[in-house]
Amino acid sequence: YDINCQYNRYLKDHITSSMYLSIPIGMDIIPRIGLWHVHGYQDSCYVWYASKFIHGTGRIDGEIMETLWAPLN
């Protein structure tokens, strides 16, 4: 999940240099990691990447494929 740090560091640069992509005016991109996975991340970055610290964020079960594996096996 360290890729999230690198990916988001240059995302806006890549989008602004593209002739096909744009970020709508007023849209903020807030990079985060799902709560289940953020615990495997660096402790020092937990408060920056855990989605539970974003005001107004809802919670969903983003692990649907993993929850289906047991019955499908």
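Within region 1-21, restricting attention to residues that are at pLDDT 85 or above and of a type outside the set (A, V, I, L, M), which residue is most open to solvent (accessible area, probe 1.4 Å)? Working first, answer last.
Step one: list which residues in region 1-21 are at pLDDT 85 or above, which gives 10-21.
This time we only want the ones that are of a type outside the set (A, V, I, L, M), so: 10, 12-14, 16-18, 20.
On the way: Tyr10: 110, Lys12: 110, Asp13: 91, His14: 123, Thr16: 109, Ser17: 91, Ser18: 35, Tyr20: 188 Å².
Out of the qualifying residues, it is Tyr20.
Could you run through region 3-31 and say how many residues are free of Cβ contacts under 8 Å to residues at least 12 places away in the same chain and under 11 Å from the mean Cα position of the chain (by Cα)? If you could, list the steps in order and put the result at the bottom.
The first filter runs over region 3-31 and keeps only residues free of Cβ contacts under 8 Å to residues at least 12 places away in the same chain, leaving 3, 6, 9-10, 13-28.
Adding the requirement that they be under 11 Å from the mean Cα position of the chain (by Cα) leaves 3.
Count: 1.
In region 33-73, counting only helices (runs of 4 or more DSSP H) that sit wholly within it, the ones holding 3 or more residues that are within 14 Å of the chain's Cα centre (by Cα) and at pLDDT 65 or above span 35-38, 46-49.
The values are calculated or read from the model by the stated rules, or taken from the named source; none is laboratory data. Computed from a predicted structure; not experimentally measured. Please note: Cβ atoms are built from the backbone with ideal geometry, for glycine as well, and neighbour counts cover all protein chains shown. Protein only, heavy atoms only, side chains kept; ligands, DNA and RNA dropped before computing areas. Shrake-Rupley method; radii C 1.70, N 1.55, O 1.52, S 1.80 Å.
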